[in-house]
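Data first, discussion second: the structure below is written as structure tokens.
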Amino acid sequence: MTLDPDLAARLMDAVDAGFDEQVAFTQALVRFPSTRGAEAPIQDFVHRALRDRFYAMDRFTMDRDALGRHAGAGRISAEHSDAPIVIGTHRPRRDTGRSLILQAHVDVVPTGPAEMWRHPPFEPVIAEGWMHGRGAADMKAGHAANIFALDALRRAGFQPAGTVHVESVVEEESTGNGALMTHLRGYRADAALIPEPQDERLVRANVGVLWFEIEVRGAPAHVRAMAEGANAIDAAYRIIADLRGLEAEWNARKGGHPHFAAEPHPINLNLGRIEGGDWASSVPSRCRLSCRISLYPGTRAGDAAREIEARIAAFAATDPMLAAHPPRVSFNGFFAEGYVLEPGSAAEAALADAHAAATGAPLGTMMTGAYLDARVHALYDRIPALCYGPVSRGIHGIDEAVDLASVRRVTKAIALFVAQWCGLEPG
């Protein structure tokens, strides 16, 4: 059932009334350089913000043993963050409505060369209606939207009639273990909403992601006697060339996945990092490649990992240098499967109504080739997991920015969705 138009207008006016404060709050979030392992200060800030709103607070760290026993956990390495996860819970006076998880992540990817940015990456400059800065779009604007959508309900004299968990997680950009820890901690709800920057569309299907490393060992030698050595960097590039063949084979399977069949290249293998050698005039004895590849929903991460290992081993057997120095493959981050949001849920219908009221347009859907924490709620909580958020540009790139007019619309849609999904009681 849709909201009364007068009530909807009242709630959207309440979002407008708090939007300047919301923008300032988002800028405060962006100023934290919350790259992997450095998220504790921003989580302290979020904890204070939720505590000051009188939510019941919970703060906890990763349980590595519990994660290690779960099939959907990312592989833990020395770089894994130990920053806390923060959850603020609203509990109604009379629990008559449906419950909801509002989740966001605070971790951001590295900035790349700062001199390539028009503005310093952690100084959130606003220009021509866009807020710039690393993490402004992915996804600190969405994080603030969750909090300020609930503020708007309170400003209008209401609060949700169902339990709402406001979850602030880490490790979204590398393992997904922060969101998974909320599941292992026991947090559950009737639906989840995650306002990642999805151009005001709802994600219908999402890939899984594997991170893996390939270590190649060669034999060092002086360049005057290169034939006596074995160049590990050259061999690593030969492995990548063969893995491009695996990537092509996986893309050729898209016809069996209807949400991806129209995509020109749904499966992407990325060589994200390479390191090796120690002297320009020495044949390099080692090379390490850090890679990322995506998986279709329904593909088990373990099956895909075994296929990668087998592919590399088979190629190595055909290469004289690699046959003598077999490469080592390890998995060191995402080990995540994708999901499909089946249409027809009451949660999706409520979001569609809210979006239409906030934007004046029907809610569109999309597939995305990026990892999303929504997979935790879809696959393991088995609830409608709605990923829907503002218009952005440059995420993971240079001059990342989020459209503030879109953020305003999305915040209104979230407020209306919460009101319709959870119901309202006097604030």
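The values are calculated or read from the model by the stated rules, or taken from the named source; none is laboratory data. Model, not experiment: these values are computed from the prediction. Quick reminder, even Gly has a Cβ in these numbers, built from the backbone with ideal geometry, and neighbours come from all protein chains shown. What goes into the accessible areas is simple: the full protein's heavy atoms, side chains included, and nothing from ligands, DNA or RNA. Shrake-Rupley method; radii C 1.70, N 1.55, O 1.52, S 1.80 Å.
One residue stands out among those in the stretch 33-55 that are under 20 Å from the mean Cα position of the chain (by Cα), in a helix (DSSP H, G or I) and hydrophobic (A, V, I, L, M, F, W, C): the one that is farthest from GLN159 (Cα to Cα), which is ALA40. Scanning the stretch 110-162 for residues that are over 29 Å from ALA192 (Cβ atoms) and either in contact with a Leu (Cβ under 8 Å, 6 or more places away or on another chain) or of a type in the set (Lys, Arg) (or both) yields ARG118, ILE126, GLY129. Among the residues of the stretch 98-147, those identified as surrounded by fewer than 24 Cβ atoms within 10 Å (Cβ to Cβ) and acidic (Asp, Glu) are GLU115, GLU123, GLU128. Among the residues of the stretch 353-393, just one is more than 18 Å from the chain's Cα centre (by Cα) and assigned to a strand (DSSP E or B), namely GLY364. Being among the small types (Gly, Ala, Ser), assigned to a helix (DSSP H, G or I) and either touching an Asp or Glu at 6+ places or on another chain (Cβ under 7 Å) or within 30 Å of SER81 (Cα to Cα) (or both) is a description that applies to ALA305.
Among the residues of the stretch 204-263, just one is over 28 Å from ARG75 (Cβ atoms) and of a type in the set (Val, Ile, Thr), namely VAL223. Residues that are of a type in the set (S, T, N, Q), open to solvent by less than 10 Å² (accessible area, probe 1.4 Å) and in contact with a Leu (Cβ under 9 Å, 6 or more places away or on another chain) within the stretch 163-198 comprise SER168, THR175, ASN177, listed in sequence order. Return a yes/no flag: does the stretch 238-255 have any residue that is closer than 30 Å to ASN177 by Cα, among the basic types (Lys, Arg), at pLDDT 95 or above and surrounded by fewer than 16 Cβ atoms within 10 Å (Cβ to Cβ). Yes, the stretch 238-255 has at least one match. Criterion applied to PHE60, PHE45, PHE32 was being among the aromatic types (Phe, Trp, Tyr) and either in contact with a Ser or Thr (Cβ under 7 Å, 6 or more places away or on another chain) or open to solvent by less than 40 Å² (accessible area, probe 1.4 Å) (or both), and the one residue passing it is PHE60.
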